[in-house]
1. What is the sum of charges around Tyr7, taking Lys and Arg as +1, Asp and Glu as -1, for the other residues whose C-beta is under 9 Å from the C-beta of Tyr7?
2. Rank Glu104, Glu24, Glu123 by mean-square fluctuation in a GNM of the chain with C-alpha springs under 10 angstrom and give only the top-ranked residue.
3. Please compute the modelled spin-label separation between Glu27 and Met1, points set 7 Å along Cα→Cβ, answer in nm with one decimal.
4. How many angstrom separate the Cα center of the range 31-60 from the Cα center of the range 118-147?
5. Could you tell me the ratio Rg/Rh of the chain? Both radii from Cα atoms, Rh via Kirkwood.
6. Starting from the residue with the highest accessible area, list Arg58, Arg105, Arg86 in decreasing order, probe 1.4 Å.
7. Stretch Ile110-Arg58 to full length: gain in nm at 0.36 nm per residue minus the Cα-Cα span?
8. Of Ile118, Ile99, Ile91, which is the most mobile in a GNM of the chain whose springs link Cα atoms less than 10 angstrom apart?
Amino acid sequence: MSTLVVYDSNYGNTRIVAEKIGAEIAEGTAVVSVSGLTPERLTGVDLLVVGCPIIGWRPSPRMQAFLAQLGVGTLHGVRAAAFDTRVRLFIHGDAAGKISHALERAGAHIVAQPHGFIVEGREGPLAAGELEKAAEWAGAIMPTLHR
Ligand SMILES: Cc1cc2nc3c(=O)[nH]c(=O)nc-3n(C[C@H](O)[C@H](O)[C@H](O)COP(=O)(O)O)c2cc1C
């Protein structure tokens with residue numbers, strides 16, 4: 001099975017979460033930055049996990065640009081899940097849910113609830129316990145693949 005984790009990250013926190021998720025899903029999972037990535041890289045991928053920071057209440061600009069390139073139906077047959085990183089704000093907006101919708105529109109089958117992981121301020125670090133939560137979230141994805 002081919003598994004890919006795609007992330008965007010300004011200060012490194014989302015990359016750390018992406019790498020944790022990749023390691024948890026399966027040894028050898030590719031974890032790649034969205035920078036310069038083209039939709040062709042998704043060809044042949046069975047499980048796709050996508051995450052980025054919330055920037056201005058929505059997915060980061062680089063992630064939005066990537067998602068905008070995914071044509072309707074291009075992810076048909078792909079299992080997918082989305083996450084974001086965010087600060088503790090009363091109104092923090094959402095990226096994971098929006099990514100999840102974009103993946104679904106492209107034809108993917110969503111296998112996990114979109115999830116936000118907390119950072120302590122814009123540059124991080126990740127809040128205590130969030131990496132463990134990331135491992136837990138990722139660990140719950142694998143059993144869904146056999147349903
Ligand atoms: C310009 C800018 C806008 C941001 N807007 C939001 C926001 O609307 N909601 C939120 O929860 N966090 C916001 N943040 C905080 C980011 O989510 C935080 O920097 C990110 O999770 C850190 O991840 P990274 O280290 O991977 O870049 C913003 C950060 C920046 C730099």
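The values are calculated or read from the model by the stated rules, or taken from the named source; none is laboratory data. No experiment lies behind these values; they were computed from the predicted model shown. Glycine also receives a Cβ, built like all others from the backbone with ideal geometry; neighbour counts cover every protein chain displayed. In case anyone asks, the SASA skips ligands and DNA or RNA and just uses the protein heavy atoms, side chains included. Shrake-Rupley method; radii C 1.70, N 1.55, O 1.52, S 1.80 Å.
1. Details: positive: Arg15; negative: Asp8, Glu19.
Net local charge, Tyr7 excluded: -1.
2. Glu123
3. 1.6
4. Cα centres, the range 31-60 to the range 118-147: 16 Å.
5. Values: Rg = 13.9 Å, Rh = 14.9 Å.
With Rh from the inverse mean 1/r over Cα pairs, Rg/Rh is 0.93.
6. Working: Arg58 115, Arg105 160, Arg86 40 Å².
The most accessible residue leads, giving Arg105, Arg58, Arg86.
7. Once the chain is fully extended between Ile110 and Arg58, it gains 16.8 nm.
8. So, out of Ile118, Ile99, Ile91, the one fluctuating most is Ile91.
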